[in-house]
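Asker: First the structure, which I've put down as structure tokens, then a few questions once you've had a look.
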Amino acid sequence: MDEGLKVNITKMLRKLPIKFQSVMLSIVISVSLISAMYYLFEVTVYNNFKIIEISQVARNVRRSKEVYKLILSNYTKKMVDWSSWDDTYKFIKDKNKDYIDSNLVSFSLDSLEISHMIFFDLNSKFVYIASDTQVLQNKHTEANFETFLTSNPFIKTEIDKNGESSGLIDLNGETSLFVVRPILKSDGEGPAKG
């Protein structure tokens, strides 16, 4: 800065009233302190909160995945009992009413915490659909499930490849778990009937 300009600014500041100089100095110091505090907050506190929040979200996602896997595993185990059973194997062939009356009652599904049990043959044609009492009121129909099965051919591919298929489905805006297993004899042998 030019020496002459410095002298002029200094003379001009001396001519200002002391009150004004004090107020200006206070404003400059306040703005400087606020800026410094904001920067420190932004750099230290805010960034640390972001790191903590991200780690908590990641931990909660991992927990949710583990719970999902556990629930799906439990449903898969329940379905093994039903899908590898001589009575079910016979039911797919002859569609006998005794099987329905003694096994596919809403109490059975309620106690297993299953909302639907759907039986279909190897051609993906419905043999029978059983629903618990609560879900019957929600208007899920055979058509909803049929639409799901026909629009998701990966299910049949998964069954052929891995012996089962499971995951999440959307039925009329409601997300549900599903497990699909081949219907075999009680000893786990086939050929699969549905």
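Asker: Would you mind finding the one in 31, 61, 80, 67 that is farther than 30 Å from residue 171 by Cα and in a helix (DSSP H, G or I)?
Answerer: 31
Asker: In addition: What about residue 47, is it modelled with pLDDT under 85, among the polar types (S, T, N, Q) and either surrounded by 10 or more Cβ atoms within 10 Å (Cβ to Cβ) or outside any helix (DSSP H, G or I) (or both)?
Answerer: yes
Asker: Go through (1) farther than 22 Å from residue 73 by Cα; (2) out of contact with any helix residue (DSSP H, G or I) (no Cβ under 6 Å at 6 or more places or on another chain); (3) at pLDDT 60 or above; (4) not hydroxyl-bearing (Ser, Thr, Tyr) and name the single condition residue 164 misses.
Answerer: (1)
Asker: Do the conditions hold for residue 92, that is, is it touching a Gly at 6+ places or on another chain (Cβ under 8 Å), assigned to a helix (DSSP H, G or I) and among the hydrophobic types (A, V, I, L, M, F, W, C)?
Answerer: Criteria met by residue 92.
Asker: Does region 60-83 include one or more residues that are more than 19 Å from residue 186 (Cβ to Cβ) and open to solvent by less than 40 Å² (accessible area, probe 1.4 Å)?
Answerer: Yes, the conditions are met somewhere in region 60-83.
Asker: Next up: Just checking, does region 101-111 include any residue being surrounded by fewer than 12 Cβ atoms within 10 Å (Cβ to Cβ) and more than 27 Å from residue 167 (Cα to Cα)?
Answerer: yes
Asker: What do you reckon, is residue 1 outside any helix (DSSP H, G or I) and either modelled with pLDDT of 80 or more or open to solvent by 90 Å² or more (accessible area, probe 1.4 Å) (or both)?
Answerer: yes
Asker: Could you give me the residue pairs with C-beta distances under 8 Å whose first residue belongs to region 95-123 and is farther than 17 Å from residue 194 by Cβ and at pLDDT below 85, whose second residue is of a type in the set (Ser, Thr, Tyr) and in a loop (DSSP other than H, G, I, E, B) wherever it lies, and which are 6+ apart or on separate chains?
Answerer: Close Cβ pairs (under 8 Å, with a partner that is of a type in the set (Ser, Thr, Tyr) and in a loop (DSSP other than H, G, I, E, B)) amount to 109/115.
Asker: A further question follows. In region 84-95, what count of residues is obtained for those that are surrounded by fewer than 15 Cβ atoms within 10 Å (Cβ to Cβ) and in contact with a helix residue (DSSP H, G or I) (Cβ under 7 Å, 6 or more places away or on another chain)?
Answerer: Selection size over region 84-95: 1.
Asker: Go through (1) touching a Leu at 6+ places or on another chain (Cβ under 9 Å); (2) over 21 Å from residue 189 (Cα atoms); (3) in a helix (DSSP H, G or I) for residue 128 and report which single condition fails.
Answerer: Looking at each condition in turn, residue 128 falls short on (3).
The values are calculated or read from the model by the stated rules, or taken from the named source; none is laboratory data. These numbers were taken from a predicted model, which means no experiment stands behind them. Backbone-built Cβ (ideal geometry, glycine too); neighbour counts: all protein chains shown. Calculation scope for accessible area: heavy atoms of the full protein, side chains included, ligands and nucleic acids excluded. Shrake-Rupley method; radii C 1.70, N 1.55, O 1.52, S 1.80 Å.
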